[in-house]
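Every read-out reported here was derived from the displayed coordinates using simple, explicitly stated rules and does not represent laboratory data. Values in this document were obtained by computation on a predicted structure and should not be read as measured data. FYI the Cβ positions are ideal-geometry reconstructions off the backbone, even for glycines, and counts take in every protein chain you see.
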Amino acid sequence: MRDRFRARFEGGGNPVPTEDIGALFDRIADRYDAMNLVISGFQEPRWRRRLVQATQLEAGMAAIDVATGTGKVAASLADRVGTFGHVLGVDVSDRMVARARAEHADRIEMEFLIADALDLPAGDATFDAATIAFGMRNLPDYRRGFEEMLRVVRPGGRVVCLEIARPRSLIGRLGLVWFERIVPRLGSLIGQGRAYACLVDSVRGYPTPDEIAAVMRAAGLVDVAWAPLTFGMVTLHVGVRPAGPPSEVAGPALEAAG
Ligand SMILES: C[S@@+](CC[C@H](N)C(=O)[O-])C[C@H]1O[C@@H](n2cnc3c(N)ncnc32)[C@H](O)[C@@H]1O
């Protein structure tokens, strides 16, 4: 009970050090996109479309994609903002960022930097939206992850998070069995069983969708809402940065979450 309370109000986080997470993704970077498509049951492009839609970005706007990996979400955001817009993708894994740069070298509106989600390389209110896809569960402090995304979006801008969930529906739970049992074996086929087992663990420790919504409010976001996708196997969370500095809104939002 006490742990649940802490998870709700402090946000919780992945106990694996960020350096180790970065090294893990360095090891799987070359096969990441293909594996991701198989692991998601070929749903990943559909989930990505929903995430990008939820940003409400328009042509010429700017966005940041946190924990960008090979930059697939960043590229879809760039399609939306067009060549007069700007999309920054950041990730702690050198290999992931190298792949993102190589794959999107022809896109002048896209930029990739090696950076930690908890210390984003951008000033306050720089972007119209911030996204994170399958990255939040890797962070050592979920609340700080949302606070940092809130900091870099302008008032009225959206923070959008797509993440694997622990579904309640029967079909969703079957999907989770696939993820927990089969994914480490698929990882073993490419010599990365331990890395994929570690990814499965990060889902086990992740808060429920309602708890993540509470963490987002505690971080200072308003109008927080979430939707289950594909029988609740993943959830899409959206929050808005209110007017006024984050430090002034974080207190009342935390109390309201209770
Ligand atoms: C499961 S992948 C998701 C990649 C991409 N967003 C996608 O949807 O395909 C998680 C990514 O989070 C990155 N990551 C983990 N911890 C991070 C941190 N503290 N800061 C920035 N990136 C991080 C990893 O290096 C990895 O590329």
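Values for this structure:
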| item | result |
| --- | --- |
| Subset tally (residues that are surrounded by 20 or more Cβ atoms within 10 Å (Cβ to Cβ) and closer than 13 Å to residue 73 by Cα) for the stretch 98-113 | 4 |
| Whichever residue in the stretch 119-132 is under 24 Å from residue 164 (Cα atoms) and not charged (D, E, K, R) and, among such residues, is farthest from the ligand (Cβ to nearest atom) | 129 |
| Any chance residue 74 is within 23 Å of residue 234 (Cα to Cα) and either in contact (Cβ under 8 Å) with a residue 40 or more places away in the chain or surrounded by fewer than 23 Cβ atoms within 10 Å (Cβ to Cβ) (or both) | no |
| Listing of strands (runs of 3 or more DSSP E) fully contained in the stretch 109-212 that carry 3 or more residues being farther than 23 Å from residue 235 by Cβ, touching a strand residue (DSSP E or B) at 6+ places or on another chain (Cβ under 6 Å) and free of Cβ contacts under 8 Å to residues at least 60 places away in the same chain | 110-114 |
| Sole exception among (1) of a type outside the set (Asp, Glu); (2) part of a helix (DSSP H, G or I); (3) more than 18 Å from the chain's Cα centre (by Cα) for residue 96, by number | (3) |
| Filter result (surrounded by 15 or more Cβ atoms within 10 Å (Cβ to Cβ) and farther than 20 Å from residue 206 by Cβ) within the stretch 155-176 | 157, 158 |
| Scan of the stretch 31-45 for residues that are in contact (Cβ under 8 Å) with a residue 60 or more places away in the chain and away from the ligand (no atom under 11 Å from the Cβ), ordered by number | 31, 38, 41, 43 |
| Selected residue (criterion: nearest to residue 47 (Cα to Cα)) from residues of the stretch 62-112 that are in contact with a Phe, Trp or Tyr (Cβ under 8 Å, 6 or more places away or on another chain) and away from the ligand (no atom under 15 Å from the Cβ) | 62 |
| Flag if residue 116 is within 14 Å of the ligand (Cβ to nearest atom), under 21 Å from residue 152 (Cβ atoms) and surrounded by fewer than 20 Cβ atoms within 10 Å (Cβ to Cβ) | yes |
